[in-house]
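Peer 1: The structure's right below; bear with me while I get my questions together.
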Amino acid sequence: MTTSVDRVFAAGTGVRTAGTERAAALDAADALASYGQRFLPSQDTTLRAYLDGNSLGRPPAETAAAMDAFIRRDWGSRLIQGWTDAWMDWPTTVGDDLAAAALGGAPGQTLVADSTSVLIYKLARAALTTVPGRTEIVLDSDNFPTDRYLLEGIAVELGLTLVWVESDPAGGLEVDQLDGVLSERTALLLASHVAYRSGFVADVQAINERVHAVGGRVLWDLSHSVGSVPVELDAWGVDFAVGCGYKYLNGGPGAPAFGYVAAGLQAIARQPIQGWMGHATPFTMGPGYEAHAGIRAFLTGTPPILGMVPLRVGIALVAEAGIGAIRTKSLALTDFALELVDAQLVPLGVEVASPREHARRGGHVTIRRADFADVNRQLWAGGVIGDFRAPDGIRLGLAPLSTSFAEVAVAVDAIEMLLTA
Ligand SMILES: *Cc1c(COP(=O)(O)O)cnc(C)c1O
């Protein structure tokens with residue numbers, strides 16, 4: 001079937017050449033270009049550009065071999081001995097590896113387990129146990145749905161009040177929006193480091209300071225920053241954080257998530273789903289729950305070991321490339337996307353709905369126009385895969401290890417040609 005994208009590429013336009021040539025020069029000069037070869041090529045020959053690595057990262061080639069070796073050698077040969085060989089420690093050792101590679105966290109504070117949603121629930125409830133008597137949870141209206149829904153549920157469970165801050169969908173939660181919002185009633189603030197819609201980067205340290213000044217806690221969602229934007233959890237004075245394993249960490253669909261609990265809070269924070277794996281001595285199997293010391297207390301049941309195999313490969317890739325080099329390429333990719341959008345799409349009525357300032361810009365760029373739902377359907381049909389975000393946004397997700405500048409040019413050209421066809 002010939003799609004509209006096929007037709008517009010076949011017809012061609014003059015504009016296309018300029019972006020394509022610039023992309024070729026940028027790809028040739030890209031210090032991380034070789035990482036593109038470290039990912040499995042898509043077997044879908046109709047794929048032209050993948051700009052959704054911020055929603056589901058591509059599989060590293062090494063992941064296929066690592067899974068096969070794990071199944072045959074570790075699981076298949078060691079069988080249940082695998083638990084005492086290594087798996088019991090994976091939630092914390094893989095967590096420490098991630099913290100060293102991408103979170104700026106000292107060992108002993110990061111755990112790999114559960115899904116992001118479940119960990120948000122566990123750590124939000126745990127945070128609330130450290131500030132008894134306080135009644136308000138602060139959150140912003142444009143945070144990712146699961147974050148908002150989970151706290152709505154917690155507020156009902158515990159009889160707390162949600163205090164909503166209206167954040168700009170094309171920006172994000174600004175520090176001065178907390179003026180007059182925080183008080184001695186504030187128990188917890190939940191926010192995303194990088195906004196899922198606009199890519200806005202929040203000022204984590206400044207927000208922590210404001211909330212700490214009134215005695216509250218902060219839980220940060222790092223889903224859209226981990227592996228793309230540098231994070232300094234210890235230096236920024238973060239209390240609690242969670243994040244996703246299948247976006248820029250390339251852990252695969254449904255990869256386990258991670259949670260961070262600052263060392264100083266581990267002894268006083270009690271998480272609500274106390275299962276045997278978080279017990280001080282799980283194999284005693286005795287009466288009564290007694291929390292394990294340290295970060296293991298935040299485990300619940302048997303950790304998803306199989307899901308950690310690809311995640312370990314993804315974390316190792318980030319460690320090898322270096323988060324500083326990853327951020328440099330990320331900014332170069334979004335600079336290039338904005339340059340092409342300004343030149344080719346803004347004249348056609350497209351608006352940029354992401355911050356332009358480097359310090360506030362994450363790894364993706366969102367653009368909007370009234371007919372983008374339809375445009376995105378045509379893009380998908382033609383193998384140009386971005387993300388539609390209602391009501392009218394197309395999110396160009398640029399994963400620094402796997403996205404080429406050429407893909408950015410292809411996507412912007414395709415949108416331009418669809419809008420002018
Ligand atoms: C992707 C994402 C999640 C994902 O939650 P799951 O439990 O994995 O579905 C949560 N929060 C944010 C901000 C995200 O971007």
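The values are calculated or read from the model by the stated rules, or taken from the named source; none is laboratory data. In this text the structure is predicted, and so the values were computed from the model without any measurement. Here Cβ is always computed from backbone atoms with ideal geometry, including for glycine, and neighbour counts include all displayed protein chains. Calculation scope for accessible area: heavy atoms of the full protein, side chains included, ligands and nucleic acids excluded. Shrake-Rupley method; radii C 1.70, N 1.55, O 1.52, S 1.80 Å.
Peer 1: When the residues of region 271-299 are narrowed to those that are assigned to a helix (DSSP H, G or I) and without any contact (Cβ under 8 Å) to a residue 24 or more places away in the chain, which ends up farthest from Cys244 (Cα to Cα)?
Peer 2: Of all residues in region 271-299, those assigned to a helix (DSSP H, G or I) come to 276-278, 282-284, 294-298.
Filter again for without any contact (Cβ under 8 Å) to a residue 24 or more places away in the chain, leaving 278, 282-284.
On the way: Gly278: 21, Pro282: 27, Phe283: 30, Thr284: 32 Å.
Applying the filter and picking the extreme gives Thr284.
Peer 1: Still on this structure, please answer the following. State all residues of region 105-138 that are in contact (Cβ under 8 Å) with a residue 24 or more places away in the chain, more than 11 Å from the ligand (Cβ to nearest atom) and open to solvent by 50 Å² or more (accessible area, probe 1.4 Å); if no residue qualifies, say none. Before the answer, list the steps.
Peer 2: Our first condition is that a residue be in contact (Cβ under 8 Å) with a residue 24 or more places away in the chain; within region 105-138, this holds for 105-106, 108-131, 134-138.
Among the residues that remain, those that are also more than 11 Å from the ligand (Cβ to nearest atom) are: 105-106, 108-113, 122-131, 134-138.
Hits for region 105-138 are Arg125, Thr129, Arg134, Thr135.
Peer 1: I would also like to ask the following. Filter region 4-54 for residues that are under 19 Å from Ile385 (Cβ atoms) and in a loop (DSSP other than H, G, I, E, B) and give the result.
Peer 2: Leu40, Pro41, Ser42, Gln43, Asp44, Thr45, Thr46, Leu47, Arg48, Leu51, Gly53, Asn54
Peer 1: Checking Gly294 against (1) small (Gly, Ala, Ser); (2) in contact with a strand residue (DSSP E or B) (Cβ under 6 Å, 6 or more places away or on another chain); (3) away from the ligand (no atom under 16 Å from the Cβ): exactly one of these is not met. Which one?
Peer 2: Of (1) small (Gly, Ala, Ser); (2) in contact with a strand residue (DSSP E or B) (Cβ under 6 Å, 6 or more places away or on another chain); (3) away from the ligand (no atom under 16 Å from the Cβ), only one is false for Gly294: (2).
Peer 1: Against the conditions (1) in a loop (DSSP other than H, G, I, E, B); (2) away from the ligand (no atom under 15 Å from the Cβ), where does Gly254 fall short? Just the number, please.
Peer 2: (2)
Peer 1: The conditions are (1) open to solvent by 40 Å² or more (accessible area, probe 1.4 Å); (2) within 16 Å of the ligand (Cβ to nearest atom); (3) touching a Lys or Arg at 6+ places or on another chain (Cβ under 8 Å); (4) more than 23 Å from Gly383 (Cβ to Cβ), and Glu62 fails exactly one of them. Which is it?
Peer 2: Only one criterion is unmet by Glu62, namely (2).
Peer 1: Still on this structure, please answer the following. How many residues, within region 191-207, are buried (at least 20 other Cβ atoms within 10 Å of the Cβ) and assigned to a helix (DSSP H, G or I)? First the steps, then the outcome.
Peer 2: Narrowing region 191-207 to residues buried (at least 20 other Cβ atoms within 10 Å of the Cβ): 191-202, 204, 207.
Subsequent filtering for residues that are assigned to a helix (DSSP H, G or I) retains 204, 207.
So the count comes out to 2.
Peer 1: Filter the strands (runs of 3 or more DSSP E) completely within region 344-407 down to those with at least 2 residues that are surrounded by fewer than 22 Cβ atoms within 10 Å (Cβ to Cβ).
Peer 2: On the way: elements: 364-368, 387-389, 393-397.
The strands (runs of 3 or more DSSP E) meeting that bar are 387-389.
Peer 1: Here is a further query. Of everything in region 300-317 that's touching a Pro at 6+ places or on another chain (Cβ under 6 Å) and in a loop (DSSP other than H, G, I, E, B), which residue is surrounded by the most Cβ atoms within 10 Å (Cβ to Cβ)?
Peer 2: Only one residue tops the list, namely Pro303.
Peer 1: Please tell me if Leu56 is closer than 21 Å to Phe258 by Cβ, out of contact with any His (no Cβ under 8 Å at 6 or more places or on another chain), open to solvent by less than 50 Å² (accessible area, probe 1.4 Å) and modelled with pLDDT of 95 or more. Don't jump to the end; show me each part of the working.
Peer 2: On the way: closer than 21 Å to Phe258 by Cβ: yes; out of contact with any His (no Cβ under 8 Å at 6 or more places or on another chain): yes; open to solvent by less than 50 Å² (accessible area, probe 1.4 Å): no; modelled with pLDDT of 95 or more: yes.
No, not satisfied.
Peer 1: Conditions first: (1) under 22 Å from Arg327 (Cβ atoms); (2) aliphatic (A, V, I, L, M); (3) in contact (Cβ under 8 Å) with a residue 24 or more places away in the chain. Ala25 passes all but one, so which condition is the exception?
Peer 2: For Ala25, the failing item is (3).
Peer 1: Report yes if some residue within region 185-205 is at positive phi and within 12 Å of the ligand (Cβ to nearest atom); otherwise report no.
Peer 2: Keep residues of region 185-205 that are at positive phi, which gives 199.
This time we only want the ones that are within 12 Å of the ligand (Cβ to nearest atom), so: 199.
Yes, there is a match, as at least one residue in region 185-205 is at positive phi and within 12 Å of the ligand (Cβ to nearest atom).
Peer 1: Inspect all residues belonging to region 230-240 and state whether any of them is buried (at least 24 other Cβ atoms within 10 Å of the Cβ), within 12 Å of the ligand (Cβ to nearest atom), modelled with pLDDT of 95 or more and not in a loop (DSSP other than H, G, I, E, B).
Peer 2: no
Peer 1: Closer than 23 Å to Gly108 by Cβ, open to solvent by less than 10 Å² (accessible area, probe 1.4 Å) and more than 16 Å from the ligand (Cβ to nearest atom): is that true of Val261 in this structure?
Peer 2: On the way: closer than 23 Å to Gly108 by Cβ: yes; open to solvent by less than 10 Å² (accessible area, probe 1.4 Å): yes; more than 16 Å from the ligand (Cβ to nearest atom): yes.
Yes, satisfied.
Peer 1: Can you tell me which residue within region 139-174, out of those that are more than 16 Å from the ligand (Cβ to nearest atom) and of a type in the set (Asp, Glu), is most open to solvent (accessible area, probe 1.4 Å)?
Peer 2: This residue is Glu166.
Peer 1: How many residues does region 242-276 hold that are closer than 18 Å to Asp96 by Cα and touching a Gly at 6+ places or on another chain (Cβ under 7 Å)? Quick ask: steps written out before the conclusion?
Peer 2: In the first step, residues of region 242-276 are kept if they are closer than 18 Å to Asp96 by Cα; the result is 242-246, 248-251, 255-266.
Adding the requirement that they be touching a Gly at 6+ places or on another chain (Cβ under 7 Å) leaves 242, 245-246, 248-251, 255-258, 260, 263, 266.
Selection size over region 242-276: 14.
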